[in-house]
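The block underneath contains the structure these notes are about, expressed in structure tokens.
FYI, it's all coordinate maths here, none of it is from the lab. Keep in mind that what you see is a predicted model, and the values were worked out from it rather than measured. Please note: Cβ atoms are built from the backbone with ideal geometry, for glycine as well, and neighbour counts cover all protein chains shown.
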Amino acid sequence: MENITVQWVKTSWTKESRGGPAAARRNAAPVGFAPPSLPADVAHFVHMSEDDGFAPREGRRDLDRVGVSLRADGTRLRVHARVEPLFGLPPRPRRKPAVRLEPGQWVRWQLNYRFSKASGMGGWSYWLDTFNIAYGPVAPDVFLSEPTLLVDERGPVR
């Protein structure tokens, strides 16, 4: 897809980072980065984990492996974040509908998840997916600014 910039920021943690200094480090983790120049079918992927103090590790992902649906809709871009996996969703109100971006606009879409070990023993783990998606020509530091649209689907993770 031409003139679309996609960034996926994934932050993961356990209950060890739910409070105190570790939670402060997690909450200070950025949700947007200046993306490198990538082919149109590739997304900029950034992973930050409690295991390494929330230091960003950057890479790339094919667009078909990123949890968003993108479709050109006339002169606009239709964007919708997919929920993957459903069993990790905390309770939240009805899902938001897709958004449509005009050229020069961008959306930040956030979803969070929580998981327990398969055996039911042990603690919870959590992750936050932040999708930054720009349509049309944009500045290289676009995701360091305030988004045109913000879709916050984060639910309580108790």
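Some values worked out for this structure:
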| quantity | calculated |
| --- | --- |
| Fluctuation leader among 129, 52, 62 - the chain, Gaussian network, Cα springs under 10 angstrom | 52 |
| For the chain, calculated [θ]222 nm from helices alone, where every DSSP H run of n ≥ 4 adds -39500 (n - 2.57) | -1500 deg cm²/dmol |
| Net charge dipole size for the stretch 4-153 [Lys, Arg +1 and Asp, Glu -1 on Cβ; Debye, nearest 20] | 540 |
